[in-house]
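These notes concern the structure reproduced below.
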Amino acid sequence: MRRAIGPAAALLLLLLGGRWAASASPAGLAPEDRAAVDLLRAEAQALVLQQETLSWKRRTTGETVDIAATYQGHEKLFSLDTLQLLSRAMAATSDADQHKALAFFRAYVLREIASLRVAKLNDEIGNYLAGAEFVYKGKKYNFYEQSRLAQDEPDYDARQAISDAVLPILAEANKLYEKKEERLRQVVKELGERDYLALAEEFRSVRLDEFAPVCRRFLDETDKDFQALQQWAAPFQLGIPAAKLRRADLPRMSRNQRFDKYFGKEEMLPRLKSFLAGLGLSADKIKIDDADRPKKNPRAACFPLVVPTDVRLTIKPAGGQGDYKSLWHEMGHAQHFANATVKDWEFQQLGDNVTTENYAFLFDGLMGNRRFLQRYLNMSGQDLTDAVRFSAYLKLFAVRRYCAKVLYEMELHRGAANPKERYRTWLSRAYGFQLDEKDAERYLNDVDDFFYSVDYVRAWFLEALLNRRLASSFGEDWIADKRAGVFLVRLWEKGQYYQGDDLVKVLGYKHLTPIYLIDRLKDAAKP
């Protein structure tokens, strides 16, 4: 018996007004199958809205939420029958856009089938960390405050003490992560996939065994420049030689406190809005929550609840380059979603995350853009030169880190005998210094489900192409050129329609390559 959908999904179906059935449902499908696809889409859309709303609540308030419970009653949606139905629908259409939308929807269903089986563990982990506290200097702090404390701590030994204080929390969380990893191995078997990597490849539209050598080459080709930069960056930023760097120093290093006077807390949002106006853009369509709540996750995040009418951004302003970078990054996401005009839900919220991360990296990369720093932060002279150079170091560090994560996560999910040691080995390679056994306790906390790390790396490479295209079309000062804003809006209007490889061609390039990113970072790193 066909299960009835809930009131929210039924309402969405009415709002859709049968548009999908009229314009996108494959004509070759039987009428009952077309109706089933319509119902499933509406059900999925309502569920995503419910889950995004709960995630927003947890992120902005720290309150406990039960996302796992939202899956109850959606057994039909997340079933092998639905996957088969969508496969039939894809086979029945010759229209490229219809086929792409159905492929996006099918990938979503497949991903959620896998996620559903670990949803309770994800909630348990998320809620545990959101409520976990550690003691530092006699005072209790939430787990997520560790980075903020380390960023603000000038004392070398104290930064290590902060890092050590959260080890009991990580040890407890690792027990849950281990259960999740074991459950994921079972899920792969249940879905009939070869292994976890094969399942992730379907979600990411990438061949991991072909992409892994690209990550290794990036590490190899940037080793010399990175080591030279780090020899300069550590004493410049922390007053210590690079040989003394530890993982505990990284939050302080990334904060870039040497330039705090330029990255004021109170000026963050006004400067962001001024920058947007220079491109002919606005933040008016985006709900920004900048309230300071005790349990609020301090890192900025974008939540596209309903695209394009309800796009939200959360930030707990602290000031500093890292905070600016995070805010600009999430505004890149928010502008992308808030300017989308595509009508198909699949092209609004599903699809390839490489595309939206590319836009986010375009914005956060401005923290190392010479003209941006001159125009909006009034930097000049040696400070400007040093800021651009140090930003190149941070960018190179980040890309190297995620290349190493891709390689480590491949070994982790292939059942490495000692994953903690493999994490330590790969991340030490990326960082240019050795992690110790305590640092390695993050070997499961520092993992992105289904290789989101791959999307990040590909998006960094893609952003370099987009940046190059903007500069060639509108000049190096495109950051304040309304023509560049129009160009971006035209891309954003397509929502998630363009996958990463599509966008490469739209921008006028033949294939995705890291060479432009490497060249740009080398140029910015010059003294």
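It is to be established whether one or more residues within region 315-329 are surrounded by fewer than 23 Cβ atoms within 10 Å (Cβ to Cβ), β-branched (Val, Ile, Thr) and either assigned by TED's automatic domain parsing to the domain that holds ASP260 or touching a residue at least 40 places away in the same chain (Cβ under 8 Å) (or both).
Looking for residues that are surrounded by fewer than 23 Cβ atoms within 10 Å (Cβ to Cβ), β-branched (Val, Ile, Thr) and either assigned by TED's automatic domain parsing to the domain that holds ASP260 or touching a residue at least 40 places away in the same chain (Cβ under 8 Å) (or both), one finds none in region 315-329, hence no.
Just checking: which of the helices (runs of 4 or more DSSP H) contained wholly in region 152-204 hold 3 or more residues that are assigned by TED's automatic domain parsing to the domain that holds GLU411 and among the hydrophobic types (A, V, I, L, M, F, W, C)?
Once the helices (runs of 4 or more DSSP H) in region 152-204 are filtered for at least 3 residues that are assigned by TED's automatic domain parsing to the domain that holds GLU411 and among the hydrophobic types (A, V, I, L, M, F, W, C), what remains is 196-204.
Return the residues of region 231-243 that are touching a residue at least 40 places away in the same chain (Cβ under 8 Å) and surrounded by fewer than 19 Cβ atoms within 10 Å (Cβ to Cβ); say none if nothing qualifies.
If the condition is that a residue be touching a residue at least 40 places away in the same chain (Cβ under 8 Å) and surrounded by fewer than 19 Cβ atoms within 10 Å (Cβ to Cβ), then TRP232, PHE236, ILE240, ALA242, ALA243 are the ones that fit.
Take region 153-164 and flag every residue that is surrounded by 15 or more Cβ atoms within 10 Å (Cβ to Cβ) and at pLDDT below 95.
GLU153
Quick one: would you say ALA291 is at pLDDT below 95, among the aliphatic types (A, V, I, L, M), touching a helix residue (DSSP H, G or I) at 6+ places or on another chain (Cβ under 8 Å) and surrounded by fewer than 19 Cβ atoms within 10 Å (Cβ to Cβ)?
yes
How many of the residues in region 108-149 are touching a helix residue (DSSP H, G or I) at 6+ places or on another chain (Cβ under 6 Å) and small (Gly, Ala, Ser)?
4
If you go through region 428-448, how many residues are in contact (Cβ under 8 Å) with a residue 24 or more places away in the chain, not aromatic (Phe, Trp, Tyr) and not in a loop (DSSP other than H, G, I, E, B)?
Number of matching residues: 5.
Would you be able to say whether some residue in region 277-285 is closer than 17 Å to LYS325 by Cα and either among the aliphatic types (A, V, I, L, M) or in contact (Cβ under 8 Å) with a residue 24 or more places away in the chain (or both)?
Yes, region 277-285 has at least one match.
Out of the residues in region 254-276 that are aromatic (Phe, Trp, Tyr) and assigned to a helix (DSSP H, G or I), which is farthest from LEU394 (Cα to Cα)?
Step by step, filter region 254-276, then rank; the result is PHE275.
Those residues that are in a helix (DSSP H, G or I) and basic (Lys, Arg), I need them from region 478-527; list them, please.
Listed by number, the residues that qualify are LYS482, ARG483, ARG490, LYS505, ARG520, LYS522.
Does ALA398 qualify as being surrounded by fewer than 22 Cβ atoms within 10 Å (Cβ to Cβ), within 25 Å of HIS336 (Cβ to Cβ) and small (Gly, Ala, Ser)?
yes
The values are calculated or read from the model by the stated rules, or taken from the named source; none is laboratory data. Everything numeric in this text was worked out from a predicted model, so none of it was measured. Neighbour counts run over all protein chains shown; Cβ positions are idealised from the backbone, glycine included.
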